[in-house]
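Student: So that we are looking at the same thing, I have put the structure below in structure tokens.
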Amino acid sequence: MLLISEKATDRGAIGMLAAILDNWWAFCALLVASMLIFGILLPKAKAPVFAEASPELPRKVLDEYFWTWTPEIARQFFLFIGPNGRRAYRRFYWSIDFWFPSLVASLANLSLLLLAFPRSSDLTWLIFLAFAGWLFDVLENVNHFRMAGTYPVLSPVSLRVGPLFTLTKWVFALTPLIVALLGFALRLK
């Protein structure tokens, strides 16, 4: 099993990032930034997607289906938002969703994991859990961006792997929180 020693995390980009993020101020700042992004910026940025959509359509993008979406949900979504909605959906990904939300949330998770498992811990390698959520969000975003651009032709591969990307993103977005709570519980022991 790979163990990252304190010396290993003190070198390079990971060490610099760890030195910045392993304090409560960094975690709180990233948490507030995440809340602002997810609570204000994203809802405003995705509003044009639904500007011409049918009122029966749920006002959520495919990313927001926690237990994931089905190929039928994707087909209906792209049909109901229409051509202007699909263009807005691609703009939404390109201008906002590719860059900020998941990255900031992953950095908040990284900071929390560093607080639970200090760099001197043999379990510091658990900080890499924070990056898994970001990685699967990027894969999910690329898939959704592509589907919006190719509709009405939706690749069977995109329809098959897309829901897995979404579910895996959510699992890895929440896993660091649970692991950090366990880390804090172990330290209190």
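Student: Tell me which residues, restricted to the range 87-128, are surrounded by fewer than 20 Cβ atoms within 10 Å (Cβ to Cβ) and either among the basic types (Lys, Arg) or under 24 Å from TYR151 (Cα atoms) (or both).
Tutor: Those that are surrounded by fewer than 20 Cβ atoms within 10 Å (Cβ to Cβ) and either among the basic types (Lys, Arg) or under 24 Å from TYR151 (Cα atoms) (or both): ARG87, ARG90, ARG91, TRP94, SER95, ILE96, PHE98, TRP99, ARG119.
Table: residues versus (1) farther than 23 Å from ASP97 by Cβ; (2) touching a residue at least 12 places away in the same chain (Cβ under 8 Å); (3) out of contact with any strand residue (DSSP E or B) (no Cβ under 9 Å at 6 or more places or on another chain).
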| site | (1), (2), (3) |
| --- | --- |
| LEU112 | no, yes, yes |
| PHE117 | yes, yes, yes |
| SER120 | yes, yes, yes |
| GLY133 | no, yes, yes |
| PHE136 | no, yes, yes |
| ASN143 | no, yes, yes |
| ALA148 | no, yes, yes |
| SER155 | no, no, yes |
| LEU159 | no, yes, yes |
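Student: Tell me, yes or no, whether the range 5-24 has at least one residue that is surrounded by fewer than 12 Cβ atoms within 10 Å (Cβ to Cβ), modelled with pLDDT of 90 or more, assigned to a helix (DSSP H, G or I) and on the phi < 0 side of the Ramachandran plot.
Tutor: no
Student: Also: For the range 50-60, check the following and say yes or no: at least one residue is touching a helix residue (DSSP H, G or I) at 6+ places or on another chain (Cβ under 9 Å), assigned to a helix (DSSP H, G or I), at pLDDT below 90 and surrounded by fewer than 18 Cβ atoms within 10 Å (Cβ to Cβ). Reasoning before the result, please.
Tutor: At the first step, the residues of the range 50-60 found to be touching a helix residue (DSSP H, G or I) at 6+ places or on another chain (Cβ under 9 Å) are 50-54, 56-60.
Filter once more, so that each one left must be assigned to a helix (DSSP H, G or I): 50.
Okay, now just the ones that are also at pLDDT below 90, so none.
Looking for residues that are touching a helix residue (DSSP H, G or I) at 6+ places or on another chain (Cβ under 9 Å), assigned to a helix (DSSP H, G or I), at pLDDT below 90 and surrounded by fewer than 18 Cβ atoms within 10 Å (Cβ to Cβ), one finds none in the range 50-60, hence no.
Student: For the range 116-137, check the following and say yes or no: at least one residue is within 16 Å of CYS28 (Cα to Cα), out of contact with any His (no Cβ under 7 Å at 6 or more places or on another chain) and at pLDDT 90 or above.
Tutor: Yes: one or more hits.
Student: LEU113 is checked against (1) under 14 Å from VAL138 (Cβ atoms); (2) touching a Leu at 6+ places or on another chain (Cβ under 9 Å) and fails just one. What number does that condition carry?
Tutor: So LEU113 meets the others, but not (1).
Condition check ((1) of a type outside the set (A, V, I, L, M); (2) farther than 18 Å from TYR65 by Cβ) across all residues:
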{"site": "LEU115", "(1), (2)": "no, yes"}
{"site": "PRO118", "(1), (2)": "yes, yes"}
{"site": "TRP125", "(1), (2)": "yes, yes"}
{"site": "PHE128", "(1), (2)": "yes, yes"}
{"site": "PHE131", "(1), (2)": "yes, yes"}
{"site": "VAL138", "(1), (2)": "no, no"}
{"site": "PHE145", "(1), (2)": "yes, no"}
{"site": "ALA148", "(1), (2)": "no, no"}
{"site": "LEU154", "(1), (2)": "no, no"}
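Student: Could I ask something else about it? Please specify each residue of the range 99-155 satisfying the condition of being among the aromatic types (Phe, Trp, Tyr), assigned to a helix (DSSP H, G or I) and within 16 Å of the chain's Cα centre (by Cα).
Tutor: Step one: of the range 99-155, the residues among the aromatic types (Phe, Trp, Tyr) are 99-100, 117, 125, 128, 131, 134, 136, 145, 151.
Filter once more, so that each one left must be assigned to a helix (DSSP H, G or I): 125, 128, 131, 134, 136, 145.
The answer is PHE128, PHE131, TRP134, PHE136, PHE145.
Student: Follow-up question, since we're still on this one. Answer yes if at least one residue in the range 66-86 is at pLDDT below 95, within 15 Å of the chain's Cα centre (by Cα) and assigned to a helix (DSSP H, G or I), and no otherwise.
Tutor: No: zero hits.
The values are calculated or read from the model by the stated rules, or taken from the named source; none is laboratory data. Values in this document were obtained by computation on a predicted structure and should not be read as measured data. Please note: Cβ atoms are built from the backbone with ideal geometry, for glycine as well, and neighbour counts cover all protein chains shown.
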